[in-house]
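Engineer: Quick one: the structure is below, questions incoming.
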């Protein structure tokens, strides 16, 4: 009972930290005494154990617990005296109450769990490999998406756009995916910069007037009407790789030279001055879908990129 009295004698913050420390030093097993001590203590403080910081630490260290019927009794325990709490604890231990039964998963963000369990399966479920999307491109896209989302830089976190420049321009290489619904919203053509290559983009630059594409992660800005009509600004998120995108005027816009019939007629798409131009036939709907804070990733199989990028 020393641990219980130690909890009662400490401040709320100290108690919670002590519980966490004890939990993390017991071979990743949440001992009943530690959990009940924290459970009773926080009830006395009229604060549920479901403190977000505590749950984050418990979840991160893969700790779980089982409390049958606890949710029903939770509010009532806040009114129970310390003596009755101690009595209940002794009764539970004496009757062989098991903490190894069905566990209640501790999660602080349902979207994170969904991403871990589902987002990685989207590639297979949509059979994106058969459409040409590189598995490496998709894996990189998810890694960067996670980091941008964790940093609060993505507003619409259900949309992920991937341009796979390992494919030639006469193939559809822009993939816009709804991660939550597991749907492929767009699969269309996209051009690269005229100095990046002819059929396949092989050279990339972050410099003004290079007329080359820039790989890496972007977030989408607001749409606007410019010289190419409705366009969408791209904000480069990787220093030295694409962070000059706004200064260079790198945007998503519609272009006649990005239509499929051009690729069929000459064997490759027309090229831009560095912008990922898309067919006029889809650009309005596409821009409307990915505007205002979605993740946009341009991939190319460049050996140095993974070493230079801080997002993968």
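The values are calculated or read from the model by the stated rules, or taken from the named source; none is laboratory data. Fair warning: this is a prediction, and the values are worked out from it, not measured in the lab.
Engineer: Being within 24 Å of residue 310 (Cα to Cα) and at pLDDT below 95 is the filter here; which residues of segment 119-149 pass it?
Structural biologist: Our first condition is that a residue be within 24 Å of residue 310 (Cα to Cα); within segment 119-149, this holds for 119-120, 123, 133-149.
The answer is 119, 120.
Engineer: Only one of 245, 263, 258, 277 is within 18 Å of residue 160 (Cα to Cα) and at pLDDT 95 or above; which?
Structural biologist: Values: 245 fails: within 18 Å of residue 160 (Cα to Cα); 263 fails: within 18 Å of residue 160 (Cα to Cα); 258 fails: within 18 Å of residue 160 (Cα to Cα).
From the options 245, 263, 258, 277, the qualifying one is 277.
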